There are 2 protein chains.
Amino acid sequence: MENNFLLKELEKHKKLLSVTLLLNSSLEPSYIYKKTIEAITEIVNAEVGSLLLYDEEKDELYFHVALGEKGEIIKKIRLKIGEGIAGSVAKTRKSLIVNDVKKDPRFFSKADEQSGFVTKSILCSPLIYRDKLLGVIQAINKKDDENFSNEDLNLFESFANIVSIALENAKLYNKLKETFFQTSFALAEAVEKRDPYTGGHVRRVTEYCLAIAEELGLNKEEKENLELSAILHDIGKIGIDDAILRKPAPLNEEEIETMKKHPQIGLEILKKVKHLSEIVVGTFSHHEKYDGTGYPLGLKGDEIPIIGRIIAVCDTFDAMTSNRPYRKGLDDNVAIEELKKYAGIQFDPLIVDAFIKAFQRGKIISQSKREKIYEN
Amino acid sequence: MENNFLLKELEKHKKLLSVTLLLNSSLEPSYIYKKTIEAITEIVNAEVGSLLLYDEEKDELYFHVALGEKGEIIKKIRLKIGEGIAGSVAKTRKSLIVNDVKKDPRFFSKADEQSGFVTKSILCSPLIYRDKLLGVIQAINKKDDENFSNEDLNLFESFANIVSIALENAKLYNKLKETFFQTSFALAEAVEKRDPYTGGHVRRVTEYCLAIAEELGLNKEEKENLELSAILHDIGKIGIDDAILRKPAPLNEEEIETMKKHPQIGLEILKKVKHLSEIVVGTFSHHEKYDGTGYPLGLKGDEIPIIGRIIAVCDTFDAMTSNRPYRKGLDDNVAIEELKKYAGIQFDPLIVDAFIKAFQRGKIISQSKREKIYEN
């Protein structure tokens, strides 16, 4: 073989290897999508790369990401399996080179018409993992007016293989996380339902917490920890007797003291879970107060984990604005005034600020507002 | 560059790429360990490969897998960070070539002395992911009495990088799964504790189910589904009132009817969890009977999902052998006779057989047996 050819092949394989490491260094699908599209152009020297994902339920392909200004238009396009070049590749599960799309009757011209982009040539490979179709990748317009070659095709198929594995791992990881969170939520809701007057509390507190997280700019991991904490914040109520939990009237002093044990019970339940030790302390500090007069530990200010400080505000707002058998919920604006009044006393002022900003942006939808939406 | 050299380099990179795909095609650490060790010898043409994992708590390295007859001896060896060539590499986080170990004072000769293996040369690289030490890999004895070269070292470092990423993904996945299962278990135990007389039931039923799974030769996924089902099988008791759940006496007919709703309640709670739909039907069929006279649906024979048939046997055995405030638990052998008697009527005979085999192998440790172990 010629030296020059070997050098090029070696370069390409080195490139493939570095892309593989890159794609596998994350279990976040959106990251893998982005890096895949970026890599396509480099690997086979094309103008543009695109990734179409397979929607199993609808048996269709859709563009997950389309870079550039026409992205929004492209994103809406859906192809039936068998439709267009991408659809044909998905159907036959065989790669295709089409070096002059105008001459190919399979070419789906709508994307070009709508976006103003001019497609000349396409190299397209299916993404398959253990016989399961995940999508297709396309390299569009070989640069320097050249044609896509069979070597390009071989390389592109190796790349498709790499993408498929990275995507499948990310999917498995995210599916597991979703199942974990949904199971926790289902169990938390079931605990909540023992008290027929608190329906929807866990869901609303979780939503409010995530709205605050958005305002505070928390990262993905922090958001996930907060979400799980919010889901589980009242789980300790498993340990409270029916007689107290379901009392359709205000609790007496002794009952209040018993009820106050729920964060401690929650902590006892979940502290055995090895990898939750970081978050449980926060989760079950949601009844601490900023001035140190809360429970169970009487922590003060920043001693209270941020997770606890966030849940405290959301929990109280929902308690104030929700109806109880013995009283109607407060109006949202009255409740907001209460939060402001107790900022620095009961609540972290920064968290109250973030909550109010989220409220003003319409991200906080209280129980009564939800009911109004239902009525209309 | 020389043609021959380029060809070899290309071959090696192709090999690396295919190994990368192989390692990333599983999220199972034991698979990755095995494939890593196998690949080491091929990649740098060595006699033997070994993998040492980092034990963070003890700040030591240990051989995870050692192939061959001396494996068991090697497995027990632990190296302090800094000790031996592997320990030095872990400490400095830099790869090392030692082409004549006898001349290197760092060489840790105990492994050779104990195993009878003769180490001549070592190529060793650290496994690092985002600044975190995961372990080291070693290629031992370059074949054909050659020396390990700098090209070997470069290639080995690329390989170490690949292994690190694959291992880290597998670790993350398994950590998440562990957290999910432990959280479910903690919540299931908390539900169980509402009834002070059923302590340890969930744990024992889960253990019994896994013992049966072993007898039946279920695969990893089936075992995991069964484990989660066993953990959650009584979760519907969240919806049963204290008055019934805690009654320290046999239930009357009306109470029994209410109690019988727990599988249906469990199903209602968990059916919203998208990816659990496959298992919940099994989980909450553990009160169906083989002859069709059970509840909630009155399913018969193989209509009852296997998960339900397995839990049924384990659940009943534990109920029979556990103490209640109003009666002492049955002797294990009496309970086994009961299972045999109702095989084909209440229980799937094949599952009863598997249970008895597990019992005979000492894998089923009933509540009273546990208490005896405690006493002694």
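Scanning segment B:320-339 for residues that are without any contact (Cβ under 8 Å) to a residue 24 or more places away in the chain, part of a helix (DSSP H, G or I) and surrounded by 14 or more Cβ atoms within 10 Å (Cβ to Cβ) turns up B:M320, B:I336, B:E338.
So for segment A:31-46 (the condition being assigned to a strand (DSSP E or B) and either out of contact with any Ser or Thr (no Cβ under 6 Å at 6 or more places or on another chain) or not assigned by TED's automatic domain parsing to the domain that holds A:I122 (or both)), does at least one residue qualify? Give the steps one after another, and end with the answer.
Just the residues of segment A:31-46 that are assigned to a strand (DSSP E or B), to begin with: A:46.
If we keep only those that are either out of contact with any Ser or Thr (no Cβ under 6 Å at 6 or more places or on another chain) or not assigned by TED's automatic domain parsing to the domain that holds A:I122 (or both) as well, we get A:46.
Yes - at least one qualifying residue is present in segment A:31-46.
Out of the residues in segment A:259-280 that are of a type in the set (D, E, K, R) and in a helix (DSSP H, G or I), state the one that is farthest from A:L228 (Cα to Cα). Taking the candidates together, the pick is A:E268.
Does A:C209 count as in a helix (DSSP H, G or I), away from every other protein chain (no Cβ under 13 Å), in contact with a Ser or Thr (Cβ under 8 Å, 6 or more places away or on another chain) and not small (G, A, S)? Yes.
Could you say whether any residue in segment B:185-206 is assigned to a helix (DSSP H, G or I), of a type outside the set (A, V, I, L, M, F, W, C) and facing another protein chain (nearest Cβ under 9 Å)? Steps first, please.
Our first condition is that a residue be assigned to a helix (DSSP H, G or I); within segment B:185-206, this holds for B:185-192, B:201-206.
With of a type outside the set (A, V, I, L, M, F, W, C) added as a condition, the list becomes B:189, B:192, B:201, B:203-204, B:206.
From what's left, facing another protein chain (nearest Cβ under 9 Å): B:189.
Among the residues of segment B:185-206, at least one is assigned to a helix (DSSP H, G or I), of a type outside the set (A, V, I, L, M, F, W, C) and facing another protein chain (nearest Cβ under 9 Å), which makes the answer yes.
Identify all residues within segment A:298-307 that are free of Cβ contacts under 8 Å to residues at least 60 places away in the same chain and surrounded by 15 or more Cβ atoms within 10 Å (Cβ to Cβ); write none if there are none. Lay out the reasoning, then the answer.
Here is the first cut: in segment A:298-307, the ones free of Cβ contacts under 8 Å to residues at least 60 places away in the same chain are A:298-306.
Listed by number, the residues that qualify are A:L299, A:I304, A:P305, A:I306.
When each of A:K35, A:K102, A:K94 is tested for being within 14 Å of chain B (Cβ to nearest Cβ) and either surrounded by 15 or more Cβ atoms within 10 Å (Cβ to Cβ) or over 32 Å from the mean Cα position of the chain (by Cα) (or both), the lone residue that passes is A:K35.
Of the residues making up segment B:121-166, those that are within 14 Å of another protein chain (Cβ to nearest Cβ), farther than 16 Å from B:S50 by Cβ and of a type in the set (A, V, I, L, M, F, W, C) are B:I128, B:L155, B:I162, B:I165, B:A166.
Give segment A:105-128 a look and list any residue that's part of a strand (DSSP E or B) and either surrounded by fewer than 20 Cβ atoms within 10 Å (Cβ to Cβ) or of a type in the set (S, T, N, Q) (or both), or say none. Spell out the reasoning first.
Start the filter on segment A:105-128 by keeping residues that are part of a strand (DSSP E or B), which leaves A:122-128.
Matches in segment A:105-128: A:S125, A:I128.
How many of the residues making up segment B:162-220 are β-branched (V, I, T), more than 30 Å from B:S125 (Cβ to Cβ) and crowded, with 22+ Cβ neighbours inside 10 Å? Steps first, answer last, please.
Of the residues in segment B:162-220, the ones β-branched (V, I, T) are B:162-163, B:165, B:179, B:183, B:191, B:198, B:202, B:205-206, B:212.
Keeping just the survivors that are more than 30 Å from B:S125 (Cβ to Cβ) gives B:179, B:183, B:191, B:198, B:202, B:205-206, B:212.
If we keep only those that are crowded, with 22+ Cβ neighbours inside 10 Å as well, we get B:183, B:191, B:202, B:205-206, B:212.
Residues meeting the conditions: 6.
Sort out which residues of segment B:270-297 are of a type in the set (D, E, K, R), free of Cβ contacts under 8 Å to residues at least 40 places away in the same chain and surrounded by 15 or more Cβ atoms within 10 Å (Cβ to Cβ), and write them in order of number.
From segment B:270-297, those of a type in the set (D, E, K, R) are B:271-272, B:274, B:278, B:288-289, B:291; that's our starting set.
Still in the list and also free of Cβ contacts under 8 Å to residues at least 40 places away in the same chain: B:271-272, B:274, B:288.
Listed by number, the list holds a single entry, B:E288.
Given the criterion of a type outside the set (K, R), in the same structural domain as B:E222 (by TED's automatic domain parsing) and under 28 Å from the mean Cα position of the chain (by Cα), identify the matching residue among B:G329, B:G282, B:G292.
Working: B:G329 fails: under 28 Å from the mean Cα position of the chain (by Cα); B:G292 fails: under 28 Å from the mean Cα position of the chain (by Cα).
Selected residue: B:G282, the only one of B:G329, B:G282, B:G292 that is of a type outside the set (K, R), in the same structural domain as B:E222 (by TED's automatic domain parsing) and under 28 Å from the mean Cα position of the chain (by Cα).
Filtering segment A:233-269 to residues that are of a type in the set (G, A, S), within 11 Å of chain B (Cβ to nearest Cβ) and either surrounded by 15 or more Cβ atoms within 10 Å (Cβ to Cβ) or in contact with a Phe, Trp or Tyr (Cβ under 7 Å, 6 or more places away or on another chain) (or both) leaves A:G236, A:G239, A:G266. Would you check if B:T316 is hydroxyl-bearing (S, T, Y), at pLDDT 95 or above and in a helix (DSSP H, G or I)? For B:T316, the condition - hydroxyl-bearing (S, T, Y), at pLDDT 95 or above and in a helix (DSSP H, G or I) - is met. Cβ-Cβ distances below 6 Å connect the following pairs, each with a first residue in segment A:343-355 that is of a type in the set (D, E, K, R), a second residue that is part of a helix (DSSP H, G or I) and at pLDDT 95 or above, and a separation of six or more residues or different chains: A:D348/A:R309. Can you confirm whether A:E28 is at the interface with chain B (Cβ under 9 Å from one of its Cβ atoms) and acidic (D, E)? When the stated conditions are applied, A:E28 does not pass them. If only residues of segment A:1-23 that are of a type in the set (D, E) and more than 7 Å from chain B (Cβ to nearest Cβ) are counted, the one that is surrounded by the most Cβ atoms within 10 Å (Cβ to Cβ) is A:E11. Yes or no: segment B:317-331 includes at least one residue that is in contact with a Phe, Trp or Tyr (Cβ under 7 Å, 6 or more places away or on another chain) and among the hydrophobic types (A, V, I, L, M, F, W, C). Yes; the residues of segment B:317-331 include at least one that is in contact with a Phe, Trp or Tyr (Cβ under 7 Å, 6 or more places away or on another chain) and among the hydrophobic types (A, V, I, L, M, F, W, C). Among the residues of segment B:124-144, the ones that are β-branched (V, I, T) and over 13 Å from B:A86 (Cβ atoms) come to 1 in all.
The values are calculated or read from the model by the stated rules, or taken from the named source; none is laboratory data. These numbers come from a predicted model, not from an experiment. All Cβ positions, glycine included, derive from the backbone under ideal geometry; neighbour counts span all protein chains shown.
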